[in-house]
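Notes follow once the structure below has been shown.
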Amino acid sequence: MRLRLALTAALASVVFLCACGQAPALCPSSADGTCDVPRVCALGTDSADCDAWCADSDLPLLRAPCAHDEASRLRQEELEGLDAVGSGGQGGPVGTWDGVIEARGAASGSRVDRHYRVHVPSSYDPDNPSPMLFVLGGFQVDLYFLPGYTELDRSAGLSDVIVVYLQPEWRYFGNSIGWVFAWYVYDNAWSGGWDDNPDLDFMEQLAEHLGSLYNVDRSRTLVSGHSRGAALSVIATLELPDLFSGFCAQAGFVAVNDYDLRMAELEGQQPGAGYIIHGDMDPDVSVNQSDYLVDQLESLGWAEGEHFEYLRLEDVTHFWQPQYNEDFIEFLLSRPLGEDLQQ
Amino acid sequence: MRAVLLPAVLAFLALLVGCSGSEPPELSGRSMAVIPAGSFSMGHALATPGPYGSEWKENELPPHEVSLSAYRIDRSEVTASDWAAFLQPASHAQVHHHPLQPVEWSGMEVLPRPGWEERPVVQVSWFDAVAYCGWVGKRLPTEAEWERAARGDQDDRRYPWGPEGASCDKAVYTTGASPCALLPEPVFSRSPAGDSPEGASDLAGNVAEWVADRYGRYDEDALTDPGGPTGGALRVVRGGSFRERAASMRTTSRWGTSPHKRSDALGFRCAVSEDELP
């Protein structure tokens, strides 16, 4: 990948020199000890002087040349690119679309249709593997509510991430609650154990399908969720360690269906990455649940700051916190799957 | 940000960075809103949040007194036409052009993409925005200047136009599941209905806007001409965009992202201190 990018950049330089006959002219007063841009000369034409000034001063007049120089350096880093593992998919539309895929049902041997929505940012480039983020809502939450609620479409564009909103199954919870959307995390409502969980199968099938459609970075598939979806995001990362590189659990929990006991059995499993957010005024899921999750992760060898972050927010209730979208995505993207775990 | 590096695009870029040059426009405050020196309460007042959240977020706390010197802020977001002029010098285009920006090469010069002449430029990084504002003799507004421009000095208005709720005739945003527009609209498209007290347009919605400050938690202390935290990797973004809901357009709403990132819903406007004007 890097070789290809370097060759492409070299080609661009050749075309540029052919078109112009010369590189951009230097400022007539370059290298005279005074940074002359941007009012006297174009940005980037007196770098010898400006670089020295930027290193030593924070004068307002230097903001533009210093930003230009930093952008120039970052442009070079872009050329070098990320170490990504592409799934090889070359098709798929840009924008938002809805789909249906067949996955395991709750009853043994059954198959059901599962619904999802995909948002692919305009910056998607099939030549460069794109990270993918699964989003799981809370109890009773319809997936079509999630883009506005989480504001993750915004983050998709900023971080070049394909965002996928997943629909829970439509299930009956008795007369008092009725039919609602709900993930399979409680009460062994499916046939078999965690290895047979319908929602985990849905995620596996969907990741495989989208990877055949888009060029997905197999080392950076993330899962995030709120409340019951947060619980499932943790479970999915631990149960499918060769699929998900990390999770973001907002107002989540793991003391469910004895999953915390199962976690103890995972000792020795290589830590992934996690970002945990919980408000201390949450009336639905106590913040103690995330405190407990942190304890459980640490007992498995996960270290705060290295493998996970925990934001225990004051004066916050049971609500997704979109102002941390960029923080958690950046944290998780910088911790891809190890080579030994990639599918 | 991952580069978009199709060979064809790079060939285009290589041509784009030709040898033409252009002078920056003369600095003028004519198209800028004038904000007098004064004080205001920045941030959101603490209130008991509802069980399933509130419009305001904890990163808007605590409210704190801020005093600002007189300044001016662009009445509109920087347009694709403005950006095309900035890209004429080869050394500018080499660094600040991105294939997804709404500009194109005519064979002689950089032009805004047809239909985008008066729409705000997007796909610009924080560094691009700082460089542009410096080129025109201005600078990015500080976060405090941006918020003061949006909310005025006599009340803590929820939106730049006042306490009334948002609607598509006042701002370009996403209402429920329906966007007011699928692209950023031309600047001033919601003027004067959506303007701030001093006449700045599109501070709520259209495109979100970079400001100068690093992103961090507010301090309780009163401040004079604050410039934000001295440390931290992220830069502040304000104002919401055509992709976001009304809550993100509130005058106190804020988030941060890495300064090298770009998106199709993120642009900027510039400001200048009164004492920096010629």
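A few points about this structure:
- Taking residues in the range B:227-242 that are more than 9 Å from chain A (Cβ to nearest Cβ), and partners anywhere that are acidic (Asp, Glu), the pairs with Cβ atoms closer than 6 Å and at least 6 places apart or on different chains are B:Gly228/B:Glu143; B:Gly228/B:Asp213; B:Val236/B:Glu143; B:Val236/B:Asp213; B:Arg238/B:Glu209; B:Gly239/B:Glu209.
- Only one of the numbered conditions (1) more than 23 Å from B:Val124 (Cα to Cα); (2) open to solvent by 20 Å² or more (accessible area, probe 1.4 Å) is not met by B:Ala233, and that is (1).
- Those residues of the range B:74-99 which are under 18 Å from the mean Cα position of the chain (by Cα), open to solvent by 20 Å² or more (accessible area, probe 1.4 Å) and of a type outside the set (Asp, Glu), in sequence order: B:Arg75, B:Ser76, B:Ser81
- Selection from the range B:208-226 of residues that are without any contact (Cβ under 8 Å) to a residue 60 or more places away in the chain and open to solvent by 10 Å² or more (accessible area, probe 1.4 Å): B:Arg214, B:Tyr215, B:Gly216
- Residue within the range A:312-335 that is more than 14 Å from chain B (Cβ to nearest Cβ), part of a strand (DSSP E or B) and closer than 29 Å to B:Thr257 by Cβ present: no
- Of residues in the range B:243-278 being β-branched (Val, Ile, Thr) and farther than 22 Å from B:Ala80 by Cα, the one nearest to the other protein chains (Cβ to nearest Cβ): B:Thr257
- All positions within the range A:155-179 that are in contact with a strand residue (DSSP E or B) (Cβ under 7 Å, 6 or more places away or on another chain), open to solvent by less than 10 Å² (accessible area, probe 1.4 Å) and either assigned to a strand (DSSP E or B) or within 14 Å of chain B (Cβ to nearest Cβ) (or both): A:Ala156, A:Leu158, A:Asp160, A:Val161, A:Ile162, A:Val163, A:Val164, A:Tyr165, A:Leu166
- Looking only at the range A:263-284, and only at residues there that are touching a residue at least 60 places away in the same chain (Cβ under 8 Å) and open to solvent by less than 60 Å² (accessible area, probe 1.4 Å), the one that is farthest from the chain's Cα centre (by Cα): A:Gly272
- Tally, over the range A:100-123, of residues that are part of a strand (DSSP E or B) and within 14 Å of another protein chain (Cβ to nearest Cβ): 3
- All conditions but one from (1) in a helix (DSSP H, G or I); (2) more than 10 Å from A:Leu136 (Cβ to Cβ); (3) not small (Gly, Ala, Ser) apply to A:Leu232; the one that does not is (2).
- If the condition is being under 16 Å from A:Gly95 (Cβ atoms), among the hydroxyl-bearing types (Ser, Thr, Tyr) and open to solvent by 50 Å² or more (accessible area, probe 1.4 Å), then the range B:167-194 contributes only B:Ser178.
- Residues that are of a type outside the set (Gly, Ala, Ser), closer than 25 Å to A:Pro336 by Cα and in a strand (DSSP E or B) do not occur anywhere in the range A:92-99.
- Residues of the range A:31-75 classified as outside any helix (DSSP H, G or I) and closer than 16 Å to B:Gly137 by Cα, total: 10
- Filtered by the rule that a residue be without any contact (Cβ under 8 Å) to a residue 24 or more places away in the chain and either open to solvent by 20 Å² or more (accessible area, probe 1.4 Å) or aromatic (Phe, Trp, Tyr) (or both), the range A:307-324 gives no residues.
- Scanning the range A:124-154 for residues being open to solvent by 20 Å² or more (accessible area, probe 1.4 Å), more than 10 Å from chain B (Cβ to nearest Cβ) and free of Cβ contacts under 8 Å to residues at least 60 places away in the same chain gives a total of 2.
The values are calculated or read from the model by the stated rules, or taken from the named source; none is laboratory data. These numbers were taken from a predicted model, which means no experiment stands behind them. Every residue, glycine among them, receives a Cβ derived from its backbone with ideal geometry; neighbour counts consider all protein chains shown. Areas reflect the complete protein model, heavy atoms only, side chains present, ligands, DNA and RNA absent. Shrake-Rupley method; radii C 1.70, N 1.55, O 1.52, S 1.80 Å.
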